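S.K.: Attaching a single structure in structure tokens format; questions to follow.
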Amino acid sequence: MEKQTQKPQLPQNAVSSSDGVTHELKILEKYALLYLTNKKNWEIRKNDRNFKEGDIIHFTILNNETKEPMNTIGYWRRINYVFQDEKYGLKKGYCILSIY
């Protein structure tokens, strides 16, 4: 008899692909501009999506004041490393994503 394994549940707003998982996240315009001008290559987030190295993040850019999505495509980044240890000064359940 063949053993069947249950497929893990994907996080909400995530899409599976052959390359891993694509996470849909929102970001304020002022922080997006830091990424787009190469001044920031990391993100602190609650790790409620089980982020993994190699996963892709699609950021939807929100207007700073209205918090509504802007009429842009957004941008994508790949997770290079996930820091999850509280020794980095992180609150339990949070992570730092190194992205590029």
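Read-outs throughout are calculated quantities, based only on the coordinates presented, and are distinct from any laboratory measurement. Since the structure is predicted, the reported quantities are computational estimates derived from the model, not experimental observations. Note that each Cβ is placed from the backbone with ideal geometry, even for glycine, and that neighbours are counted across all protein chains shown.
S.K.: Take the Cα coordinates of the stretch 25-99, assign each an equal point scatterer, and use the Debye formula without solvent to give log10 I(q)/I(0) at q = 0.20 Å⁻¹.
M.R.: Result of the Debye calculation: -0.89.
S.K.: Counting only other residues whose beta carbon sits under 11 Å from that of Y31, what net charge do I get with K and R as +1, D and E as -1?
M.R.: The answer is +2.
S.K.: What residues qualify as long-range amide H neighbours of W42, i.e. H under 5 Å apart, gap of 5 or more or another chain, H built at 1.01 Å from N?
M.R.: Result for W42 returns I99.
S.K.: Report the gain in length on full extension from K52 to E68: 0.36 nm times residue separation, minus Cα-Cα distance, nm rounded to one decimal.
M.R.: In short, 3.0 nm is gained.
S.K.: Under a 5 Å amide H to amide H cut-off, with H placed in plane at 1.01 Å, what residues pair with L28 once short-range neighbours are removed?
M.R.: The list, which skips near neighbours in sequence, is L62.
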